[in-house]
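Data first, discussion second: the structure below is written as structure tokens.
Only the coordinates and a few stated rules stand behind these numbers; no lab work does. A quick note: this is a predicted structure, and the numbers were derived from the prediction, not measured. Don't worry about glycine lacking a Cβ; one is built from the backbone with ideal geometry, like all the others, and counts go over all protein chains shown.
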Amino acid sequence: MIIRTRLAAGVCALLAALGAGVAFPAGATAGEPTGEDAPQVDLALDVSGSMRTRDIDGGTRMAAAKQAFNEVLDATPQEVRLGIRTLGADYPGDDRKTGCKDTAQLYPVGPLDRTEAKTAVATLAPTGWTPIGPALLKAADDFTASGAGSKRIVLISDGEDTCAPLDPCEVAREIAAKGIGLTIDTLGLVPNTKMRQQLSCIAEATGGTYTSVEHADELTDRVNQLVDRAADPVATPVAARGADACAKAPVLESGLYTDREEFGRQRWYRVDVAPGKELRASVSVAADRAVGPSYGVLLRAVTTHGREIVRGEAAGNGRTDVLSTGLRYPKPELDDEDAPAEAVCLQVTNSFSVTPGTKTSPGLPLELTVDVVDGPGGSHDVAAFGLGRGWWLLGVLVLAGFVAGLLWGWLSRWRFAVWRTN
């Protein structure tokens, strides 16, 4: 029975992995990195009273955070402008109104003086409340407004926000809606379910990541990774205004674009695809305000005459703040070297619905990635393209099924022989 169970599980895993290759096309490459301006990182540290708890490698959570900060400050790349913001570091009292204002810039975002920053961190002691929402609002203003360099907040906390009704997840959505390109990554120290959900929501709202941390070295490694990631070249989104029809659509080149789309409406864009090239496109639409529980996003590539070429679609049920989908379209090579490029229209449609009292303006934030690359060569049947660029993947699936059938038959005969012997 154990052998059969393992075999079945292995076959299912194989088919699932192969199926994933069919279902999800490769993501489109973002626009060209700029690297023109210095990346900026603001480390936001929870210094509330609960940070005194001794449950990280035999020491307090605060000690683990200080150790991580010291090592991160030593390893911060020279080009990164780094700052430190605290929450709950100064007010030890019980007045909630005062406690929810307790956030301060410990070290300003700018060129890093490692000695000065370490000295500032050494003075911290667990003190008060956990005003995550107010701290994020303040942290969003810590950065230099000008410049196209990446901006990232790294929030480290050991508990959920204590300043409701100011929901930190709604604060993160408001920050994302401003279109300033600010990403919030969150790390939860020894998390519980409620804290994990809240920190995950904050990160997802801005395209960031959430990480659960239970050891000091994990905290150091993760913060270092996020600071290093900020130093990587980033694509600068370009504002594009889609049209309400294909004929009026703006022509886009390879790159990363941002737009706004009204509820339940559509936006059109055009891309020229030459013979022998391949169009890769992906779109993300964010729910930056309260919406109905069921929604979807559809991305279609159609000809200028309205014939659909290929599509990608995604659906949500209220648990996801951002929906993304993509498509790929290879334009077959032609014998005529002077053949003109084909105008392909990209249609983005959403089925988000508003809840009572929700503002519908401006529209939902939309991010579109377009990439036109060298095609795979040779002629292609576009109808067969969904099967992983031809029929090879179908052949692999058939072969996997055949092998699984042989193994299953052998196992059944063996079990029957054992049964007869007994």
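Let me check I've understood the local charge: for residue 310, count other residues with C-beta under 9 angstrom from its C-beta, Lys and Arg +1, Asp and Glu -1. What total comes out? Every neighbour counted, the sum reads +2.
Please work out whether region 79-238 counts as rounded, prolate or oblate from its C-alpha gyration tensor, where a ≥ b ≥ c are the square roots of the eigenvalues and a/c under 1.5 means rounded, while otherwise a/b larger than b/c means prolate and anything else oblate? In terms of gyration-tensor shape, rounded. Hydrodynamic analysis of region 235-318 uses the Kirkwood radius over alpha carbon pairs. Inserted into Stokes-Einstein at 37 °C and 0.692 mPa s, it gives a translational diffusion coefficient of 227 µm²/s.
Across region 216-321, the mean sequence separation of Cα contacts (distance under 8 Å, 6 or more residues apart), normalised by length, yields a relative contact order of 18 percent. Taking amide H positions as modeled 1.01 Å from N, with prolines and chain starts lacking one, the residues under 5 Å from residue 342 and 5 or more places away or on another chain are 273, 274.
Sparse packing (at most 13 other Cβ atoms within 10 Å of the Cβ) combined with a DSSP loop state is found for the following trypsin sites (Lys or Arg not before Pro) in region 218-283: 241.
Annotation for region 248-271 versus region 293-360: alpha-carbon center distance of 10 Å. With the alpha-carbon atoms as the only input, what is the per residue convex hull volume for region 74-145 in Å³? That works out to 87 Å³ per residue.
Taking amide hydrogens as placed 1.01 Å from N in the peptide plane, the amide H of residue 55 sits under 5 Å from those of 61, each at least 5 positions away in sequence or on another chain.
Plainly put, region 238-384 has a radius of gyration that is 1.02 times its Kirkwood radius, both from alpha-carbon atoms, as the Rg/Rh ratio. Using only alpha carbons, region 32-99 has a radius of gyration to Kirkwood radius ratio (Rg to Rh) of 1.12. Taking amide H atoms as placed 1.01 Å from N in the peptide plane, list the residues 5 or more away in sequence, or in a different chain, whose amide H sits under 5 Å from that of residue 352. Counting only residues 5 or more places away or on other chains, the set is 264, 296. Taking all Cα pairs closer than 8 Å and separated by 6 or more residues, the relative contact order of region 46-205 comes to 22 percent.
The relative contact order of region 97-149, computed from alpha carbon pairs under 8 Å that lie at least 6 residues apart in sequence, is 54 percent.
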